[in-house]
Structures are given as structure tokens and as C-alpha cells.
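One structure is given here, and the rest of the page talks about it.
What follows draws every value from the coordinates through simple rules; no lab data is involved. Predicted, not measured: the structure shown is a model, and the values here were computed from it. Because the Cβ atoms are built from the backbone with ideal geometry, glycine has one as well, and the counts that use them run over all protein chains shown.
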Amino acid sequence: MVKILILGGTQEARLLAKKTANLPNIQVKISLAGLTSQAVTSKNLRVGSFGGVAGLINYLQEEKIDLIIDATHPFASQISHNAAIAAENLGLPFLMLIRPKWESVVGDKWIEVENIQAAAEILPNCAKRVFLTIGRQEVTAFSQVENIWFLMRAIEKPSSDIVLPKGLLLLERGPFDKDSEKQLLKKHNIDTLVSKNSGGNATYAKIIAARELGIKIVMIKRPMLPQGDRVEDIESALEWVKRVRS
Ligand code: NAP
């Protein structure tokens, strides 16, 4: 029996866990950080942080994990670095499943920036009404930005220590389609969208909507991820599992 830990928090991780669990002689554990309330619990699921690299190493040893797949969001770089270090330390095979980033196409008006802070700094030069779609954890970086109205969207209410910028918070869960995204942008007279370059289809409708309405996007580039084996899709991750366990 081979035991795999899948670091999750993405749709890909969920699908990969399901498919991997169907392989013979494989036992899967999926790990979530626990930032959103979980509707589903199962014996294969663990929730909550590990306690840094040391905590992760303890967990891997206690659970006798043989392989690690990091299928977290491309912007969740801390856990990816921790997992890479822990895997190296214990000599465990380690794979990152990272969906391709979005590329701009004709009609897109992107301003690419290095990180969230840079996005907050550039906005006063180019925006008045902003749709901020970066999740609820990091909106505080925009709370000091003056003379801009922010439309924000999150699945759950931010915790009380998060300082929201001036504007409106919508609590909604996707997926959203292009037409509803266009309607939203028009309704609130948005001139600029701020987005992470998350990649994937689930949140791409807002990018198409902005393109079709001629709205510019401040696009936050991805953080650096650790060196190591990488694949871009679930099928390739499954192939890696089959290869490594044989
Ligand atoms: P992060 O900055 O890389 O991680 C911060 C800390 O949270 C880690 O050091 C670790 O704590 C814990 N952690 C993160 N992912 C974990 C996991 N899958 N299982 C157990 N502990 C985990 O990550 P983040 O950006 O806060 O994202 C947290 C989770 O949300 C990730 O699982 C990610 O896939 C998901 N997510 C993130 C984004 C995003 O934009 N960042 C978007 C969608 C989903 P310890 O060091 O104490 O172990």
C-alpha cells in the first residue's frame, strides 16, 4: 500500500484525490488549510495547518506518507516551499500540480505587477472604481488606498481583524458566467479589475468580461514556487503517481 498526501484547497486537488483513490494499492490523504468552513468531512481529509516545516515533517512520519503532491493554489507559495523542504528532508518523491497561468490575448488591457503591494501602489495612478477579486485574506493591503471605491467579492465574511477598503463587499460563491460578470462590472461602473493570475477556467469569466468591456486589469504575477517536478494537469499527475510507485 502506497500512502499519498495531497495538499489541497483547489478543485484540481479534489479531482486528483478522487482519481488517485481509484488506483489499486493507493491510500490518499488530502490536507486543507481550513480557511473556509468545510461542508464535507471524510476519513481521508485532514484540516488545519501543520505548524511549519517541522510540523509537516512530523505529520509525514507519523502517517507514514510515501509521496507528496502539492495541488494547492498557485498563490499558496508558503505551503509549497514547506512541502518541498519536508520532502527533501525525508527523501520523499514530491510533485507540484500547477495549472497554467493565463496569457493576455488581443483586446486585453493588462498592467502586470509583481505582487499585491505593487497592485495597491499603482491603482491611484489609473483607477477610480475597482473590482478587487483577490480573495478575502489580502484585501487589507488596499485599505489605505485613497480616492478609490472598491467592489469586493468573497465566499465567506472576512474575519474581524481584516480591514476592508472603502466600498462594497459581496458574499457570493462562483462559478460566475461572462454575462453576469459583465452586468456586475457595468452596474458598479467599474474602470479597473484587480486579479491574481490564478489560471484555470473557474474564474476566467471576469477576464473575458473585462476584455469585452474594454476594462483594464491589474494582473498580479505568480509568486516563485520551489524547484522540482511539475505537471499542469490531473492526468499527468496520475501518470507521475503510477511511475513513481512502480
Ligand atoms: P500559504 O500562504 O502557502 O500557506 C500559509 C500557511 O497555511 C502554510 O504555511 C500552512 O501552515 C497552511 N496551509 C496552507 N495550505 C495548507 C494545506 N493545504 N494543508 C495544511 N496547511 C496548509 O497558503 P494560502 O495562500 O494562505 O492558502 C491557503 C489554502 O487556500 C491553500 O491550501 C490554497 O490551496 C487555498 N487557496 C489559496 C488561494 C490564494 O489565492 N492564496 C486561492 C484559492 C485557494 P503551516 O506552515 O503552519 O503548516
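Here are a few things to note about the model shown:
- Of the residues A154, I111, A13, the one whose Cα sits farthest towards the positive end of the charge dipole of the chain is A154 (charges of +1 on Lys and Arg Cβ, -1 on Asp and Glu Cβ, taken about the Cα centre).
- Near D70, the amide H atoms lying under 5 Å from its own belong to L7, L95, M96, L97; only residues 5 or more places off or on other chains count, and H is placed 1.01 Å from N.
- Note that region 73-79 has calculated 3J(HN,Hα) couplings of 5, x, 8, 8, 7, 5, 5 Hz, one per residue in order, obtained from phi through the Karplus relation 6.51 cos²θ - 1.76 cosθ + 1.60 (θ = phi - 60°); glycine and proline are x.
- Cut-off under 5 Å, modelled amide H: who pairs with Q27 long-range: V2, K3, I4
- Hull volume per residue, based on the alpha-carbon atoms of region 1-136 and their convex hull, is 153 Å³.
- Selection from V130, Q183, P165 lying farthest towards where the dipole of region 110-220 points positive, charges on Cβ: Q183
- Phi angles of region 213-228 translate, via the Karplus equation with coefficients 6.51, -1.76, 1.60 and θ = phi - 60°, into HN-Hα couplings of 9, x, 8, 7, 10, 8, 9, 7, 5, 6, x, 5, 10, x, 5, x Hz per residue; Gly and Pro are given as x.
- Compared with the dominant principal axis of the Cα atoms in the chain, helix 116-126 is inclined by about 20°.
- Applying a DSSP loop filter and a limit of 16 other Cβ atoms within 10 Å to the GluC sites (Glu not before Pro) in region 184-241 leaves E232.
- In degrees, nearest ten, helix 11-21 long axis to first principal axis of the chain (Cα): 20 degrees
- Average projected area [Cα convex hull, region 110-220], square nanometres: 6.2 nm²
- Around the Cα centre of the chain, unit charges on the Cβ atoms of Lys, Arg, Asp and Glu (plus for the first two, minus for the last two) sum to a dipole of about 540 debye.
- Divide the volume of the convex hull around the Cα atoms of the chain by the residue count and you get 133 Å³ per residue.
- Scaled radius of gyration (Cα, divided by 2.2 N^0.38 Å) that region 37-78 gives: 1.30
- Amide H contacts under 5 Å for I111, placed H, 5+ residues apart: I217, V218, M219
- Checking every one of the GluC sites (Glu not before Pro) in region 1-102 against DSSP loop status and a limit of 15 other Cβ atoms within 10 Å picks out E63.
- Inter-site label distance for W149 and E172 at 7 Å from Cα along Cβ, in nm: 1.7 nm
- Mean residue ellipticity at 222 nm, helices only, the chain: -9500 deg cm²/dmol; runs of at least 4 DSSP H residues each add -39,500 (n - 2.57), and the sum is divided by the number of residues.
- Simple spin-label estimate for K18 and S180 in nanometres, 7 Å along Cα-Cβ: 2.0 nm
- Cα gyration tensor shape of region 52-107, rounded if a/c is under 1.5, else prolate or oblate by comparing a/b with b/c: prolate
- Restricting the calculation to Cα atoms, region 1-59 shows an Rg/Rh of 0.97 when the hydrodynamic-style radius is the Kirkwood one.
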